[in-house]
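> Below is one structure. I have some questions about it.
The values are calculated or read from the model by the stated rules, or taken from the named source; none is laboratory data. Predicted model only: the values in this text are computed from it and were never measured. Positions of Cβ are backbone-derived with ideal geometry, glycine not excepted, and every protein chain shown enters the neighbour counts. These area figures cover heavy atoms from the full protein model, side chains too; ligands, DNA and RNA do not enter into them. Shrake-Rupley method; radii C 1.70, N 1.55, O 1.52, S 1.80 Å.
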Amino acid sequence: MDIVFSGASVSFAGRPALHPLSLRLCERRIGIIGLNGSGKTTFARLINGLLRPTAGQVTVGGLDTVKDEAAVRGRAGFIFQNPQHQMILPVLSEDIAFGLKNRGLSKEEISARTEAVLERFRITHLAGRRIHELSGGETQLAAIASVLVTGPDVLILDEPTNQLDLKNRRLIEKTIADLPEQAIVITHDLPLLDGFDRVLLFHEGRLEADASPSEAVRAYRGIVGC
Amino acid sequence: MLTGLDIAGDTPLHRASARLKLILLFLAAVALFLVENPWALAAAAIIAAGLYASTGIARSEAFRRVRFVLFTVLLVAVANYVFHSLAEALAVLFRLGALVLLAAAVTATTTISAFMDEITRLLRPLERFGFVRAADVSLAVGLVLRFVPEILARYGDIREAHRARGLRVRPLGVLVPLIILTLKDADTIAMAIDARGFRRQ
Ligand SMILES: Nc1ncnc2c1ncn2[C@@H]1O[C@H](COP(=O)(O)OP(=O)(O)O)[C@@H](O)[C@H]1O
Ligand SMILES: [Mg+2]
């Protein structure tokens, strides 16, 4: 799906967090890298209208993120940096089903979809578990399942492998690689970017590089000086 | 850590529908306020305690949940003893005590989503008049039930961190970081609710 930034910028209390930016994203796998505070999350939040541009415009599949906010939210799913916070109900299957309510689906349809998405991510055995008892990797899978069950076209993940051990990191990397959906991934986990179509490097609120993974990572190392 | 106040189990109270439990709780409250005899109320309190215990909740957890409210009830009873009579004080103690224990038993055996469904259904008629959005109210109640235990756990964490740094644990010194952290989370949670389209109709 086409995501278009037209001179979009963000300031918080007059301080620019993202300088005016124009670009078009349509690749299947897009990575976002940069130091802490460089504007990655701000950029990502613009895409599904969680944040409104201070100036300029962002469209997703031709829909304006401000004017068509609800429709955009339905198309662009978001996985937060702390996925615990996006799980509202304490039990996994309940939480997934809850995301499907208010959408005019029947009870049977809701439970069928819930089961299907649990199966898709091979977490059927976690259905009755409490979100708080899940491991980091399991929580991340659960969050991805709870968002994809509603059928968005693009998934935005904010540092999905950040707090994971090596094994779970590999699991989530593979899960992301296998997603048929378009994915935009913010990460400090550079090996995750292997095979990505395009990587954006942010630095102090500006787009510093927009290139292949290897080139963008080289520019990133240039900034850090190692 | 505990999230949500319901505990897993398959006791008769767990199997009863949320609606039935809420109706019975309401009727019990009315009955408790109609009865004045302290001994009858004492019997009710004992039955309520038995019901609470029957939910399979661990004893320490059961006590932890109700101790604050029960302590308040005790203060009210003492005030009644001072200003009125012993009989009145005992009636207040057992009446409110029974009610607290019954409510705790219902809370321990009802899942948040069951509560939310029930509240939504209850408010639907009001929605027709445009007073409220039933789904919003039930979401708010669900959020409170879901995050209150988490906030309490965090309170414990902050106190611990104070102790670890050798700081004296003063209520204010704990409350300020607690409020700041909670507001920060609330912000993210509010965003997550929007992001997941929970409020879309
Ligand atoms: N809600 C906010 N209010 C004020 N400043 C913010 C807010 N969110 C982000 N910022 C600031 O904007 C800048 C970019 O932040 P962010 O996009 O979160 O960076 P990153 O995700 O790359 O670590 C930072 O300087 C941060 O302090
Ligand atoms: Mg960030």
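> Among what's in the range A:182-202 and is of a type in the set (D, E, K, R) and either under 16 Å from A:Arg24 (Cα atoms) or in contact with a Pro (Cβ under 7 Å, 6 or more places away or on another chain) (or both), pick the residue that is surrounded by the most Cβ atoms within 10 Å (Cβ to Cβ).
In this case the residue turns out to be A:Arg198.
> Please work out which one of (1) within 16 Å of ligand 2 (Cβ to nearest atom); (2) more than 15 Å from A:Ser11 (Cα to Cα); (3) open to solvent by less than 50 Å² (accessible area, probe 1.4 Å) is the condition A:Ser38 fails and give its number.
(2)
> Kindly indicate the residue of the range A:61-83 that is within 15 Å of B:Gly197 (Cα to Cα) and assigned to a strand (DSSP E or B) and also farthest from the chain's Cα centre (by Cα) among those meeting that condition.
This residue is A:Ala76.
> Is there any pair with a first residue in the range A:47-73 that is closer than 21 Å to A:Leu157 by Cβ and among the acidic types (Asp, Glu) and a second that is open to solvent by 30 Å² or more (accessible area, probe 1.4 Å) and part of a loop (DSSP other than H, G, I, E, B) whose Cβ atoms are under 9 Å apart and which are 6 or more apart or on different chains, and what are they?
A:Glu69/A:Arg52
> Looking at (1) away from ligand 1 (no atom under 16 Å from the Cβ); (2) buried (at least 19 other Cβ atoms within 10 Å of the Cβ); (3) more than 13 Å from chain B (Cβ to nearest Cβ), can you tell me which one A:Val72 breaks?
Here A:Val72 clears every test but (3).
> In the set A:Gly137, A:Gly205, which member is under 22 Å from A:Met87 (Cα atoms) and open to solvent by less than 10 Å² (accessible area, probe 1.4 Å)?
A:Gly137
> Being in contact with a Leu (Cβ under 9 Å, 6 or more places away or on another chain) and either within 16 Å of ligand 1 (Cβ to nearest atom) or at pLDDT 90 or above (or both) is the filter here; which residues of the range A:82-103 pass it?
Passing the criteria: A:Leu92, A:Ser93, A:Asp95, A:Ile96, A:Ala97.
> Return yes when A:Ser106 is away from ligand 2 (no atom under 16 Å from the Cβ), open to solvent by 50 Å² or more (accessible area, probe 1.4 Å) and either of a type in the set (S, T, N, Q) or within 30 Å of A:Gly195 (Cα to Cα) (or both) and no when it is not.
No.
> Within the range B:142-201, track down each residue that is closer than 21 Å to B:Ser113 by Cβ and polar (S, T, N, Q).
Scanning the range B:142-201 gives a single hit, B:Gln201.
> Considering (1) within 13 Å of chain B (Cβ to nearest Cβ); (2) within 30 Å of A:Ser212 (Cβ to Cβ); (3) within 14 Å of ligand 2 (Cβ to nearest atom); (4) touching a helix residue (DSSP H, G or I) at 6+ places or on another chain (Cβ under 6 Å), say which one A:His85 fails and leave the rest.
Going through the list (1) within 13 Å of chain B (Cβ to nearest Cβ); (2) within 30 Å of A:Ser212 (Cβ to Cβ); (3) within 14 Å of ligand 2 (Cβ to nearest atom); (4) touching a helix residue (DSSP H, G or I) at 6+ places or on another chain (Cβ under 6 Å), A:His85 breaks only (2).
> I've got another one for you. Inside the range A:44-60, can you point out the residues that are more than 11 Å from the chain's Cα centre (by Cα) and closer than 16 Å to A:Ile184 by Cα?
A:Leu46, A:Gly49, A:Leu50, A:Val58, A:Thr59, A:Val60
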